[in-house]
Amino acid sequence: MQRLDIEQLEPEAYKAMFSLENYLQNTKLSKTHLELIKIRASQINGCAFCINMHTTDALRLGETPQRIFLLDAWKETELFTEEEKTILAMTEEVTLISQNGLSDATYRQAEMFFDKNYIMQTIMAIVVINAWNRIAISTKKTI
């Protein structure tokens with residue numbers, strides 16, 4: 001059972017979160033990268049609501065079921081490009097920030113593939129989905 005509805009109780013906070021989401025939709029981040037970030041962070045955080053939403057979105061955008069099925073084992077497969085693997089490493093390290101944070105090695109790898117704005121947009125995408133995960137899990141948002 002859902003505990004609270006952020007949109008109803010704190011509409012300004014909800015609107016602010018959607019402003020960040022709208023910002024992300026207007027960045028240079030590829031839709032594939034954005035959905036991989038959202039799904040992987042949601043897997044790590046155990047947010048069923050967000051996993052369901054973003055896997056559905058990814059499939060609609062042309063992502064393959066096989067890549068989604070193997071996303072939590074991305075290091076053991078060749079289904080993801082080096083750029084995608086870098087995005088996924090960043091997602092894991094920022095989502096699990098208390099472990100070691102975004103490592104220098106991963107950051108240097110990101111610099112090989114992306115410009116500074118793309119790196120910052122990636123970090124913002126990771127931050128935003130982690131915030132949404134925390135809202136959904138704390139309020140017991142259901143599918």
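Could you order the peptides 60-69, 114-123 from most to least packed, using the average number of other C-beta atoms within 10 Å per residue?
Working: 60-69: 12.8, 114-123: 16.0.
Descending packing order for the listed peptides: 114-123, 60-69.
Please give the FRET efficiency for LEU20 paired with GLU111, using the beta carbon to beta carbon distance and R0 = 30 Å, rounded to the nearest 0.05. Don't skip to the end; give the middle numbers.
Values: r = 24 Å, r/R0 = 0.81.
Between LEU20 and GLU111 the formula returns 0.80.
Over the chain, calculate the relative contact order: mean separation of alpha carbon pairs under 8 Å at least 6 apart, over the residue count, as a percent.
Numbers: 134 pairs, mean separation 55.5, N = 143.
Relative contact order, the chain: 39 percent.
Report, to the nearest 10°, how far helix 82-95 tilts away from the longest principal axis of the Cα atoms in the chain, using its own Cα long axis and a range of 0 to 90°.
Around 40 degrees separate the two axes.
Take the cross-link list LYS75/LYS140; LYS75/LYS116; LYS38/LYS116; LYS75/LYS141; LYS15/LYS85 and give me the ones stretching past 28 Å between alpha-carbons.
Beyond 28 Å: LYS75/LYS140; LYS75/LYS141; LYS15/LYS85.
Using r as the Cβ-Cβ distance of ALA13 and THR56, and R0 as 35 Å, what FRET efficiency do you calculate, to the nearest 0.05? Write down the numbers at each step before the final one.
Values: r = 25 Å, r/R0 = 0.71.
Computed FRET efficiency for ALA13 and THR56: 0.90.
Read-outs throughout are calculated quantities, based only on the coordinates presented, and are distinct from any laboratory measurement. Computed from a predicted model, the values in this text were never measured in an experiment. All Cβ positions, even for glycine, are placed from backbone atoms using ideal geometry, and neighbour counts span all protein chains on display.
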